[in-house]
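Undergrad: I'd like to ask you about the structure that follows.
The values are calculated or read from the model by the stated rules, or taken from the named source; none is laboratory data. Quick caveat: nothing in here was measured; it's all calculated off a predicted structure. As a convention, Cβ positions derive from the backbone with ideal geometry for all residues, glycine included, and neighbour counts pool all protein chains shown.
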Ligand SMILES: Cc1cc2nc3c(=O)[nH]c(=O)nc-3n(C[C@H](O)[C@H](O)[C@H](O)COP(=O)(O)O)c2cc1C
């Protein structure tokens, strides 16, 4: 047993693998399966409303008494200005024409139809529901939320994509830092600079090990025993697994979406702002090709909302070229087995390679 004892004791788990929160893909069943493998499960609450969050947390509690994390999107919501309303109209018209060209029948509502939730109501839920571990991405929690969560003994995990972001999290007293490498699937958690940091994940992890005193979790490209061992040697104590679980039995992706992930090859995986207005890594397709360079991109979360309407229709009609299929650069060997089996196999693979002589 070569894992960091303090780290696993802090989180109350047996092994330091963390099922990544993956909004739109991870499920209650996936989090429960991760806990069954002795690992940390995560519930991706993203920016859902408080009632829905309570339901998800309670459903999980019914199935496991083991610890799990709840994950929040901690982003600033841009104000609705006349300029935003004007731009929204332009993007709406562009997307309607684009959809018609591709035989996608969609009616895109006006901006005022969308309900945008900010994270404070989810902090209230985490406290009321006595959640033990709260992770977050897209920013840092405000001071009051940090103090309130800490007052009830909550362990806080912040996400960084640069040294500057890690230092901000450390200064705020965040307990653990998830270092998200640029190779990671899904949204970049970046929150300081307008342009996202370009540093590679292992370079960032190695620098952070020398720079901050907070225990580090690594996320990005962990797809087999060797990648986990490499991250451990570079200083990570926890290992967050995302893409590898996307085709698992508990993933909410449909069969045709899983098949697209499984068939992905070199060159298929890009960073794109087209779906949500924030950079995210996933599969390049007709949608990303048309939107990324078009200039018709609203700030997050408005782009996410407006394209969500089109994506919902595309999903119903199994039009995979118009969907966001997030995955990382490692092109993992996907498995449709249970999350618990995939994580157990990963742990066995780590042990297989420990002490491996080159
Ligand atoms: C489909 C998908 C959805 C994601 N959603 C979230 C999320 O809701 N919250 C979050 O903190 N990270 C999210 N991420 C990022 C993961 O937490 C993690 O950083 C990433 O998956 C690690 O890289 P990997 O995909 O190469 O394993 C998502 C990743 C994927 C693939």
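Undergrad: Can you tell me which residue among 135, 162 is closer than 19 Å to residue 53 by Cα, touching a residue at least 12 places away in the same chain (Cβ under 8 Å), under 19 Å from the mean Cα position of the chain (by Cα) and within 16 Å of the ligand (Cβ to nearest atom)? Before you say what the answer is, go through the steps one by one.
TA: Values: 162 fails: closer than 19 Å to residue 53 by Cα.
Answer to the selection: 135.
Undergrad: Tell me, please, whether a residue that is buried (at least 20 other Cβ atoms within 10 Å of the Cβ) and out of contact with any strand residue (DSSP E or B) (no Cβ under 7 Å at 6 or more places or on another chain) can be found in the stretch 51-58.
TA: The answer is no, given that none of the residues of the stretch 51-58 is buried (at least 20 other Cβ atoms within 10 Å of the Cβ) and out of contact with any strand residue (DSSP E or B) (no Cβ under 7 Å at 6 or more places or on another chain).
Undergrad: Can residue 355 be described as part of a loop (DSSP other than H, G, I, E, B), outside the structural domain of residue 226 (by TED's automatic domain parsing) and more than 13 Å from the ligand (Cβ to nearest atom)? Even if it seems obvious, please write down each step before you answer.
TA: Values: part of a loop (DSSP other than H, G, I, E, B): yes; outside the structural domain of residue 226 (by TED's automatic domain parsing): no; more than 13 Å from the ligand (Cβ to nearest atom): yes.
Here the answer is no, as residue 355 does not meet what is asked.
Undergrad: Could you please find all residues in the stretch 251-269 being buried (at least 22 other Cβ atoms within 10 Å of the Cβ) and part of a loop (DSSP other than H, G, I, E, B)?
TA: 251, the sole residue that qualifies.
Undergrad: Then there's this: Residue by residue through the stretch 297-311, note down the ones that are closer than 18 Å to residue 186 by Cα and in a helix (DSSP H, G or I).
TA: 302, 303, 304, 305, 307, 308, 311 - these are the residues of the stretch 297-311 that are closer than 18 Å to residue 186 by Cα and in a helix (DSSP H, G or I).
Undergrad: Pick from 52, 31, 69, 44: which is under 17 Å from the mean Cα position of the chain (by Cα), outside the structural domain of residue 303 (by TED's automatic domain parsing), assigned to a helix (DSSP H, G or I) and within 16 Å of the ligand (Cβ to nearest atom)?
TA: Values: 52 fails: under 17 Å from the mean Cα position of the chain (by Cα); 69 fails: assigned to a helix (DSSP H, G or I); 44 fails: assigned to a helix (DSSP H, G or I).
None of the others qualify; the one that does is 31.
Undergrad: Kindly indicate whether residue 220 is surrounded by fewer than 19 Cβ atoms within 10 Å (Cβ to Cβ) and touching a helix residue (DSSP H, G or I) at 6+ places or on another chain (Cβ under 6 Å). It would help to see each step written out before you state the result.
TA: Numbers: surrounded by fewer than 19 Cβ atoms within 10 Å (Cβ to Cβ): no; touching a helix residue (DSSP H, G or I) at 6+ places or on another chain (Cβ under 6 Å): yes.
No; evaluated as a whole, the condition is false for this residue.
Undergrad: Restricting to the stretch 142-166, and then to whatever is more than 17 Å from residue 236 (Cα to Cα) and in contact with a helix residue (DSSP H, G or I) (Cβ under 7 Å, 6 or more places away or on another chain), can you tell me which residue is surrounded by the fewest Cβ atoms within 10 Å (Cβ to Cβ)?
TA: Going through the qualifying residues, I end up with 152.
Undergrad: Need the failing condition index for residue 226 against (1) within 13 Å of the ligand (Cβ to nearest atom); (2) touching a helix residue (DSSP H, G or I) at 6+ places or on another chain (Cβ under 7 Å); (3) not assigned by TED's automatic domain parsing to the domain that holds residue 316, just the number.
TA: Checking residue 226 against (1) within 13 Å of the ligand (Cβ to nearest atom); (2) touching a helix residue (DSSP H, G or I) at 6+ places or on another chain (Cβ under 7 Å); (3) not assigned by TED's automatic domain parsing to the domain that holds residue 316, the one that fails is (1).
Undergrad: I'd like the residue in the stretch 275-290 that is in contact with a strand residue (DSSP E or B) (Cβ under 9 Å, 6 or more places away or on another chain), closer than 18 Å to residue 188 by Cβ and without any contact (Cβ under 8 Å) to a residue 40 or more places away in the chain and, out of all such residues, is surrounded by the fewest Cβ atoms within 10 Å (Cβ to Cβ). Give the derivation first.
TA: Of all residues in the stretch 275-290, those in contact with a strand residue (DSSP E or B) (Cβ under 9 Å, 6 or more places away or on another chain) come to 275-276, 278-284, 287-288.
Next, from what is left, pick out any that are closer than 18 Å to residue 188 by Cβ: 275-276, 278-284, 288.
Checking which are without any contact (Cβ under 8 Å) to a residue 40 or more places away in the chain leaves us with 284, 288.
Numbers: 284: 18, 288: 20.
Applying the filter and picking the extreme gives 284.
Undergrad: If you don't mind, another one. Among the candidates 201, 186, 220, which residue alone is within 18 Å of the chain's Cα centre (by Cα) and either free of Cβ contacts under 8 Å to residues at least 60 places away in the same chain or over 23 Å from residue 304 (Cα atoms) (or both)?
TA: On the way: 186 fails: either free of Cβ contacts under 8 Å to residues at least 60 places away in the same chain or over 23 Å from residue 304 (Cα atoms) (or both); 220 fails: either free of Cβ contacts under 8 Å to residues at least 60 places away in the same chain or over 23 Å from residue 304 (Cα atoms) (or both).
On inspection, the qualifying residue turns out to be 201.
Undergrad: Something else now. Evaluate the stretch 207-220: report whether one residue or more is within 15 Å of the ligand (Cβ to nearest atom), under 22 Å from residue 333 (Cα atoms), part of a helix (DSSP H, G or I) and assigned by TED's automatic domain parsing to the domain that holds residue 166.
TA: For the stretch 207-220, residues within 15 Å of the ligand (Cβ to nearest atom), under 22 Å from residue 333 (Cα atoms), part of a helix (DSSP H, G or I) and assigned by TED's automatic domain parsing to the domain that holds residue 166: absent.
Yes or no, residue by residue, for (1) away from the ligand (no atom under 16 Å from the Cβ); (2) touching a strand residue (DSSP E or B) at 6+ places or on another chain (Cβ under 6 Å); (3) closer than 25 Å to residue 190 by Cβ; (4) part of a loop (DSSP other than H, G, I, E, B):
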{"residue": "90", "(1), (2), (3), (4)": "yes, no, no, no"}
{"residue": "100", "(1), (2), (3), (4)": "yes, no, no, no"}
{"residue": "104", "(1), (2), (3), (4)": "yes, no, no, yes"}
{"residue": "108", "(1), (2), (3), (4)": "yes, no, no, yes"}
{"residue": "126", "(1), (2), (3), (4)": "no, yes, yes, no"}
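Undergrad: Another question, then. Anything in the stretch 85-117 that is surrounded by 15 or more Cβ atoms within 10 Å (Cβ to Cβ) and either within 30 Å of residue 53 (Cβ to Cβ) or in the same structural domain as residue 54 (by TED's automatic domain parsing) (or both)? List them, or say none.
TA: 88, 91, 92, 95, 106, 108, 111, 114, 117 - these are the residues of the stretch 85-117 that are surrounded by 15 or more Cβ atoms within 10 Å (Cβ to Cβ) and either within 30 Å of residue 53 (Cβ to Cβ) or in the same structural domain as residue 54 (by TED's automatic domain parsing) (or both).
Undergrad: Same structure, new question: Yes or no: residue 13 in a helix (DSSP H, G or I) and closer than 21 Å to residue 155 by Cβ?
TA: no
Undergrad: Does at least one position in the stretch 333-340 carry a residue that is more than 21 Å from the chain's Cα centre (by Cα) and surrounded by 21 or more Cβ atoms within 10 Å (Cβ to Cβ)?
TA: Scanning the stretch 333-340, I find no residue that is more than 21 Å from the chain's Cα centre (by Cα) and surrounded by 21 or more Cβ atoms within 10 Å (Cβ to Cβ), so the answer is no.
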